[in-house]
Amino acid sequence: YVGYRISSVLGMILAIPIALQNLITVGVSMADTLMLGSLGEVPLSASSLANQLFFIFTLVIYGTAGGTNVLVAQFWGKQDVPSIKKVLGYSYRVMAAFAFVIVILAAVFPQYVMAVFTTDPEVIEQGIAYLHIASISFIFFGITTITTRVLCAVQTVNISLGASIVSLITNVFFNWVFIFGNLGAPALGVAGAAIATTIARFVECVIVLYYVRFKETKLHLRLRDLRHLDKEIRPAFIKNSTPVICNELLWSTGTSLLSVIIGRMGTSFVAAYSIYNVISQLSSVMSQGVASSAATIVGNTIGAKDYEHMPFITWHLQKASMVVGIGAFLFVLLIRPTMPFFYHLGSESMGYLMQILLIGAVMEGLRPMAFVNMVGILRGGGDAKFVLVNDIIFLWTICLPLGFVSGLIWKWPVPIVFTILRFDDMIKLVTSTIRIKANHWIKNVTEIRPEKKEAIQ
């Protein structure tokens, strides 16, 4: 019972700052969509589709950080700081390798990237302008994300929140300057949004690195700690991080293919779906906070080998996800009538947006439970392989094939196609709940030869 109460308090302490950080991060995207949306559907669609490449990169980096965090959280549970530094050496190298590939694609071959998602020449032209400029910001984002996620795993969350606040303010200010041409700057539209995003990510990265170098007291991380790779830690890193990275890479690629389907159903659907994505991110900020804190708490508990409290902790986290789900459902329903006041869309785009928001309210209400089960409890418990299979199989075998056929061949109505494209979260909620109840998911991944644990009754 004491462990249950401690986990409740710790969960809220960790979840709220993480949720606020996620809210601010989404606020950056929302500022872009609001400002570009005021210029029309083409700039909004161009930036949205151009950002699909960044979306893939984001999820791969989140996967790298997620796999790292399971190890870091469990090492922190046993207060093994030297091993945490060894894990980070691998994490930064993986991030740099992915960043190199994505930056080359965005900077050198943006026309081919945009042609994958749309056939509209005007959207392609503006998307190319965005990618040319924004590509350099990817590396700043990668460094910031890996660093802040590791700090969260050792229960240091305030710096990421503070850096995100500064990033939001910076992004909004320079959006105002460069999108609309204020303070003597030229009105650059989509290219202006890319400049503002790059400046904001650079500022955020500098703040985080300054904190790590001069203020952080738990890890005392220095550049020399990352120069040499430790062969002893490599098997644990590969075993735990590879499924998570593959998970995020395949899932983000699959989700981007959903955008390919939507992009070929017309600019009106693209514009509506772009706005829905921002609202979806807003509705999920608290669930991401709970999931991140869940992964930390579960990882710390397993690292300390305190297995007896795990049933209390998981049940508490699942109840929290239910409450968050109800909040997300109500949020989408309540914000839906305000859309015509915020966005200047054509009647067809606005009609699509109203329809998919009604369906999306139900989906957003159920998604937090699946997210906390998968990303928080199961992945935090070291069951990354199950999460990989569960996260990918339904997207690639159900949503993508049926979405392609129903949207591009059968020409079904937009609300039905949208439901098919987003239906995998509902299935994952059921399968992940069954997995947790089976009690075969707890793995101490920091042990070089982990012993098989008895199922917790």
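Points to keep in mind about this one:
- Kirkwood Rh (inverse of mean 1/r, distinct Cα pairs), the range 217-363, angstrom: 19.2
- Element breakdown for the chain at a 1.4 angstrom probe: carbon and sulfur atoms account for 69% of the accessible area.
- Compactness of the chain - radius of gyration and Dmax, Cα, Å: 21.5, 68
- Leu161 exposes around 30 Å² of accessible area when a 1.4 Å probe is run over every protein chain in place.
- Calculated accessible area for the chain comes out at 41 Å² per residue, all protein chains present (probe 1.4 Å; ligands, DNA, RNA ignored).
- Were the residues from Lys437 through Leu223 laid out at 0.36 nm apart, the gain over their Cα-Cα distance would be 72.8 nm.
- When the pairs Lys239/Lys428; Lys86/Lys319; Lys78/Lys215; Lys86/Lys443; Lys231/Lys437 are compared against a 30 Å limit on Cα-Cα distance, Lys86/Lys319; Lys231/Lys437 fall above it.
- Per residue, the chain reaches -26000 deg cm²/dmol at 222 nm when only DSSP H runs of four or more residues are counted, each adding -39500 (n - 2.57).
- For the range 193-273, trypsin sites (Lys or Arg not before Pro) meeting the loop criterion (DSSP other than H, G, I, E, B) and having at most 11 other Cβ atoms within 10 Å: Lys215, Arg222, Arg227, Lys231.
- Crossing angle, helix 137-153 versus the chain [Cα axis fit, 0-90 degrees, rounded to tens]: 30
- In terms of its C-alpha gyration tensor, the range 56-212 comes out oblate, because a/c is 1.5 or above while a/b does not outweigh b/c.
- For Phe54, net neighbour charge (Lys/Arg +1, Asp/Glu -1) across residues whose Cβ lies under 13 Å away: 0
- The calculated FRET efficiency for the pair Ile359 and Ala96, based on their C-beta separation and a Förster distance of 25 Å, comes to about 0.05.
- Here the extension length gained between Lys411 and Asn182 equals 78.1 nm, from 0.36 nm per residue of separation less the Cα-Cα distance.
- Spherically averaged projected area of the range 123-264 from its Cα convex hull (nm²): 11.4
- Chain lengthening between Met426 and Arg264 when straightened (0.36 nm per residue, less Cα-Cα): 55.8 nm
- Qualifying GluC sites (Glu not before Pro) in the range 195-264, DSSP loop, other Cβ atoms within 10 Å at most 15: Glu232
- With Cα atoms defining each centre, the range 45-67 and the range 84-154 are spaced 7 Å apart in the structure.
- Check: the range 169-224 dipole with +1 on Lys, Arg Cβ and -1 on Asp, Glu Cβ, in debye: 420
- Derived from the Cα gyration tensor, the three semi-axes of the equivalent ellipsoid of the range 362-402 are 20, 16, 4 Å, largest first.
- Environment charge at Ala191 (Cβ cut-off 15 Å; Lys +1, Arg +1, Asp -1, Glu -1): -3
The values are calculated or read from the model by the stated rules, or taken from the named source; none is laboratory data. These numbers were taken from a predicted model, which means no experiment stands behind them. Every residue, glycine as well, gets a Cβ built from its backbone with ideal geometry; the counts of neighbours run over all protein chains shown. Areas reflect the complete protein model, heavy atoms only, side chains present, ligands, DNA and RNA absent. Shrake-Rupley method; radii C 1.70, N 1.55, O 1.52, S 1.80 Å.
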